[in-house]
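Participant: Dumping the structure here so I can ask a few things about it.
The values are calculated or read from the model by the stated rules, or taken from the named source; none is laboratory data. Predicted, not measured: the structure shown is a model, and the values here were computed from it. Here the Cβ positions follow ideal geometry from the backbone for every residue, glycine too, while neighbour counts run over all protein chains shown.
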Amino acid sequence: MNPETRVVHIPLPAVEDSRPMSVPIYQTSGFIFDDPAVMGDAMGRPDGAFVYGRYTNPTVRALESAVSGLEGGAHGLATGSGMGAINTVLLGLLKPGDHLVAQRSLYGGTAAMINDLVDRFGITVTYVPENEPDALRAAVRTETRLVYLETISNPMTLVADLPGMCAVASELGILSVVDNTFATPLLCRPLEHGADIVLHSTTKYLSGHTDIVGGLAVFADPALYQKVWHFAIELGASAEPFTSWLTLRGLQTLALRMERHCSNTEYLATRLAAHPAVTAVHWAGLPSHPSYELGRKLLSGFGGVFSFDLAGGRAAGERFMGAVRLAHLAPSLGGVTTHVLHPATTSHRSLSVEELSRSGIGEGTVRIAVGIEHPEDLWADVLQALS
């Protein structure tokens, strides 16, 4: 099926002689057994009988199966947050002395997590451009275990060369991990380009209504999934049933929402690029963006987030964010309403001045996560805030 159909037809748990019309909420901490052998078996493998909420749950598994199916993966692993998914994968696969290669432009929380791995666990990291496979090849050492990429980077919307970077990783025997939150499986499916693991903050577009916090990892290899699953149940970053149910409910409208997010973003980004108060617009859908040609090859849409630089620097950015009326000055993204924020002091506040500069984030950079409102109303709000 096409992805637009798959998101509507969620895999449903079977009951005797029929199926529910929607996935039920299994709001229980655990399950009762009649056979001790069956219970013992369930404790040791992720595909056994349901046993305990920290291991998985029928509602949670329905979400894992749905997103894994959209991404074309073998298995999904749901977590309590997007950072929970990132931490589960990195901590589950790296050990002291290992080496990680990451792209330069990263979400601030991910960058902070990598810095913590360096400081506390003796893991080393090399940063390379997201679109230079030769730079990745040159950075790899004998102790390199992972390469970490974002399909569309936060907040500069740089598009990673997934086919090139993942091919080098595979050739050299290292795993490739891709955060696909900004693109969603509707705009790009990294496993099709050679990635081993795909990450999502389900808080964002997959749930789509700013009412949950969650994460999910999708694995191409069943054996790799089992390895990380065993670590995940020890870490305890598990998703819970009600949050998973809300995410499933939101997932069914993902295709409709993403179409509007992308079209609204194009409307705003194109107009802002011509405004005299704006010195640069960072959205890969603009021909002036360095990732435009690569994005045309890899993506079926350029996403619903972009950033722009104001001529007046930080003071101008603060005035703009304080002046919006329809848009919300708020964290996160991917919901039906439009949000603005100042990356240097919010999403990327943990980065040093040098790290911000390396990522392309300036004092006057403003990020807009565009909602599904009428585009003319959004533009009127942006225009009055700029003036």
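Participant: Could you pull out the residue among THR142, THR110, THR126 that is assigned by TED's automatic domain parsing to the domain that holds LEU162 and over 26 Å from GLY215 (Cα atoms)?
Facilitator: Criteria check complete, one pass: THR142.
Participant: From the list GLY80, GLY69, which residue is more than 15 Å from ILE233 (Cβ to Cβ) and at pLDDT 95 or above?
Facilitator: Going through GLY80, GLY69 in turn, the sole match is GLY69.
The rows are residues; the columns are (1) surrounded by 19 or more Cβ atoms within 10 Å (Cβ to Cβ); (2) under 23 Å from ALA85 (Cβ atoms).
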residue: SER18; (1), (2): no, no
residue: SER22; (1), (2): no, no
residue: ILE25; (1), (2): no, yes
residue: PRO36; (1), (2): no, no
residue: GLY40; (1), (2): no, no
residue: ARG45; (1), (2): no, yes
residue: ALA49; (1), (2): no, no
residue: TYR52; (1), (2): no, yes
residue: GLU64; (1), (2): yes, yes
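Participant: Which of the following residues is at pLDDT 95 or above, assigned by TED's automatic domain parsing to the domain that holds GLY303 and either of a type in the set (D, E, K, R) or touching a helix residue (DSSP H, G or I) at 6+ places or on another chain (Cβ under 6 Å) (or both): GLU150, GLU259?
Facilitator: Answer to the check: GLU259.
Participant: Pairs needed: first member in the range 196-223, free of Cβ contacts under 8 Å to residues at least 24 places away in the same chain; second member anywhere, among the polar types (S, T, N, Q); C-beta distance under 6 Å; at least 6 residues apart or different chains.
Facilitator: Listed pairs, sorted by first residue: none to list.
Participant: Additional query: Starting from residues that are at negative phi and among the small types (Gly, Ala, Ser), keep the ones in the range 66-76 and report whichever is surrounded by the fewest Cβ atoms within 10 Å (Cβ to Cβ). Before you say what the answer is, go through the steps one by one.
Facilitator: Taking the range 66-76 as the starting set, the residues that turn out to be at negative phi are 66-71, 73-76.
Checking which are among the small types (Gly, Ala, Ser) leaves us with 66, 68-69, 73-74, 76.
On the way: ALA66: 24, SER68: 25, GLY69: 19, GLY73: 27, ALA74: 15, GLY76: 23.
Here the residue is ALA74.
Participant: Residues HIS193, HIS200: which one is in contact with a Cys (Cβ under 6 Å, 6 or more places away or on another chain) and crowded, with 19+ Cβ neighbours inside 10 Å? Break it down into steps so the answer makes sense when it comes.
Facilitator: Details: HIS200 fails: in contact with a Cys (Cβ under 6 Å, 6 or more places away or on another chain).
On inspection, the qualifying residue turns out to be HIS193.
Participant: Taking THR181 as the residue in question, decide whether it is in contact with a strand residue (DSSP E or B) (Cβ under 9 Å, 6 or more places away or on another chain), in the same structural domain as ASN131 (by TED's automatic domain parsing), over 30 Å from LEU100 (Cα atoms) and assigned to a loop (DSSP other than H, G, I, E, B).
Facilitator: Spelling it out, it is not the case that THR181 is in contact with a strand residue (DSSP E or B) (Cβ under 9 Å, 6 or more places away or on another chain), in the same structural domain as ASN131 (by TED's automatic domain parsing), over 30 Å from LEU100 (Cα atoms) and assigned to a loop (DSSP other than H, G, I, E, B).
For every residue, the table says whether it meets (1) surrounded by 17 or more Cβ atoms within 10 Å (Cβ to Cβ); (2) part of a helix (DSSP H, G or I).
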{"position": "GLY285", "(1), (2)": "yes, no"}
{"position": "GLY303", "(1), (2)": "yes, no"}
{"position": "PHE308", "(1), (2)": "yes, no"}
{"position": "ALA315", "(1), (2)": "no, yes"}
{"position": "ARG319", "(1), (2)": "no, yes"}
{"position": "GLU363", "(1), (2)": "yes, no"}
{"position": "GLY371", "(1), (2)": "yes, no"}
{"position": "ASP381", "(1), (2)": "yes, yes"}
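Participant: Taking the options ALA280, ALA323, ALA316, name whichever one is farther than 30 Å from ASP161 by Cα and either in contact with a strand residue (DSSP E or B) (Cβ under 6 Å, 6 or more places away or on another chain) or of a type in the set (Ser, Thr, Tyr) (or both).
Facilitator: The match here is ALA316.
Participant: Right, next: Looking at GLY44, GLY48, GLY40 in this structure, which one is under 17 Å from SER65 (Cβ atoms) and of a type outside the set (Lys, Arg)?
Facilitator: None of the others qualify; the one that does is GLY48.
Participant: Which condition number in (1) at positive phi; (2) in contact with a helix residue (DSSP H, G or I) (Cβ under 7 Å, 6 or more places away or on another chain) is the one that GLY173 fails?
Facilitator: (2)
Participant: Oh, and also: With respect to PRO11, is the statement that it is touching a helix residue (DSSP H, G or I) at 6+ places or on another chain (Cβ under 8 Å), in a loop (DSSP other than H, G, I, E, B) and either under 28 Å from GLY194 (Cα atoms) or at pLDDT below 95 (or both) true?
Facilitator: yes
Participant: Which of the residues belonging to the range 109-130 are under 21 Å from HIS289 (Cβ atoms) and surrounded by 19 or more Cβ atoms within 10 Å (Cβ to Cβ)?
Facilitator: TYR127, VAL128, GLU130
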